[in-house]
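In what follows, a single structure is set out as structure tokens and then discussed.
The values are calculated or read from the model by the stated rules, or taken from the named source; none is laboratory data. These figures come from a predicted structure and were not determined experimentally. Surface accessibility is based on the protein's heavy atoms, side chains included, excluding ligands, DNA and RNA. Shrake-Rupley method; radii C 1.70, N 1.55, O 1.52, S 1.80 Å.
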Amino acid sequence: WDNADFSRGVGTTFYQEFPTLNTAKPPFVRDVEAKVRRYLRSSYSAAWTLKITWEKAPAYAARTDSQRTITYQAILTTDGFRSYVLMLYQEGGMRWDYTRLAATNVLIGYT
């Protein structure tokens, strides 16, 4: 785990909420539902979904390297009883120079 650093004006963060309880579901939410069903082999109907995108995020400290950035997303979704997180990374995975990070045991994803 390590920190992104937006203090130099490089990169940005976006989010979009999809409250879908008793409403028509947009294609994005239907795709998330399909992924949860496929990966977990269970029935799933989202009541709420949140998509967070970190675009061109430089590693902390950005003053050392603001050229090697990464774009990634976290998608949180729940049916009101069960909750899931999908972690999506740009093609090619992590692009930060891990030899310059403060942490020495860097992992991509979550545990």
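The heavy atoms of Thr99 offer some 100 square angstrom of accessible surface to a 1.4 angstrom probe. Ordered from largest to smallest accessible area (heavy atoms of protein chains, 1.4 Å probe), the residues Leu88, Leu40 come out as Leu40, Leu88.
In this structure Thr78 has an accessible area near 30 Å², from a 1.4 Å probe over the protein heavy atoms. Classify the stretch 1-43: rounded, prolate or oblate, from the alpha-carbon gyration tensor (a ≥ b ≥ c, eigenvalue square roots; a/c under 1.5 rounded; otherwise prolate if a/b is larger than b/c)? Judged from the Cα gyration tensor, the stretch 1-43 comes out oblate (a/c at least 1.5, b/c at or above a/b). From the square roots a ≥ b ≥ c of the eigenvalues of the alpha-carbon gyration tensor of the stretch 11-75, which class results: rounded (a/c under 1.5), prolate (a/b over b/c), or oblate? Prolate. Solvent exposure of Trp48, expressed as accessible area, is near 80 Å², computed with a probe of 1.4 Å over the protein chains only.
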